[in-house]
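A short write-up of the structure that comes next.
The values are calculated or read from the model by the stated rules, or taken from the named source; none is laboratory data. Fair warning: this is a prediction, and the values are worked out from it, not measured in the lab. Virtual Cβ from ideal backbone geometry, glycine too; neighbours counted across all protein chains shown.
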Amino acid sequence: MSMDGKTPHLLPLSLSAATKNIRDDVPLVCGWVLINAFTLAVAYIAVEYLDASCSQSSFIMPCIELTDAEAARVTALFIGTLCCAPAQAAAAALALLLPCRRRRGRRALAYLALTVTVLCHCMQAGTVWVFLAADPGYIFGWIYFPAGYCFFAVCDFLSFRALLGGDGWGMQYVAYF
């Protein structure tokens, strides 16, 4: 109320109350990125150091024979994917460690981390595609892997949407979704 007690203030919220209403989705997005980086590291350890034997009678893990070109492509994609994990984790950790008053820097690092995560998911999908093309009869893989990568794509899209709509400036672009 104003000094006369009858008319309301022109600014109904105090400055501290207005700043509390601004959503910051950087921690949520960085959590998604760190989960992906950690999962990738654990998967690498599982593939490299645990003995997972394949069987022709197994429908979950059949033995798939790759040509030399396919094996080279899988190796290149796998190395590229492994290079993404430290970049993801570093960008996400820096975004989380920056103080909140450095909002643009935090958001830029969150965008970088999420972009590297999307790149990593694309390389993983490329690796899976090589295996599925090498063995078209791998029905479990044709069902399980595309469903998993659809989940990754939806989570990546929702993370980008959260970053765009976080403090209001990007809502004009995401209002159509």
- [ ] Take Ala110 and decide whether it is in a helix (DSSP H, G or I), among the aliphatic types (A, V, I, L, M) and in contact with a Cys (Cβ under 8 Å, 6 or more places away or on another chain).
- [x] yes
Open item on the list: Just to be sure I understand the filter: pairs with C-beta atoms under 8 Å, separated by 6 or more residues or on different chains, first member in the range 137-151 and touching a residue at least 12 places away in the same chain (Cβ under 8 Å) and closer than 18 Å to Ser55 by Cα, second member in a helix (DSSP H, G or I) and not acidic (Asp, Glu). Which pairs pass?
Closed with: Tyr138/Phe131; Tyr138/Leu132; Gly141/Val128; Gly141/Phe131; Gly141/Leu132
Open item on the list: Here are the criteria: (1) touching a residue at least 12 places away in the same chain (Cβ under 8 Å); (2) among the hydrophobic types (A, V, I, L, M, F, W, C); (3) within 16 Å of Ser159 (Cβ to Cβ). Tell me which single one Cys122 does not satisfy.
Closed with: (1)
- [ ] Among what's in the range 92-107 and is in a helix (DSSP H, G or I) and in contact (Cβ under 8 Å) with a residue 24 or more places away in the chain, pick the residue that is surrounded by the most Cβ atoms within 10 Å (Cβ to Cβ).
- [x] Ala92
Open item on the list: Considering only residues that are surrounded by 10 or more Cβ atoms within 10 Å (Cβ to Cβ), modelled with pLDDT under 85 and closer than 30 Å to Leu98 by Cβ, which ones fall in the range 21-50?
Closed with: Ile22, Arg23, Asp24, Asp25
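For the structure I just gave you, tell me whether Val128 is surrounded by 16 or more Cβ atoms within 10 Å (Cβ to Cβ) and at pLDDT 95 or above.
So Val128 fails the test.
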Task: So Gly141, is it at pLDDT below 85, part of a helix (DSSP H, G or I) and over 19 Å from the mean Cα position of the chain (by Cα) - done: yes
Open item on the list: Based on this model, can you work out whether Ser16 counts as at pLDDT below 90, of a type in the set (Ser, Thr, Tyr), farther than 19 Å from Ser159 by Cα and not in a helix (DSSP H, G or I)?
Closed with: no
- [ ] Tell me, yes or no, whether the range 114-121 has at least one residue that is part of a helix (DSSP H, G or I), touching a helix residue (DSSP H, G or I) at 6+ places or on another chain (Cβ under 6 Å), of a type in the set (Ser, Thr, Tyr) and surrounded by 18 or more Cβ atoms within 10 Å (Cβ to Cβ).
- [x] yes
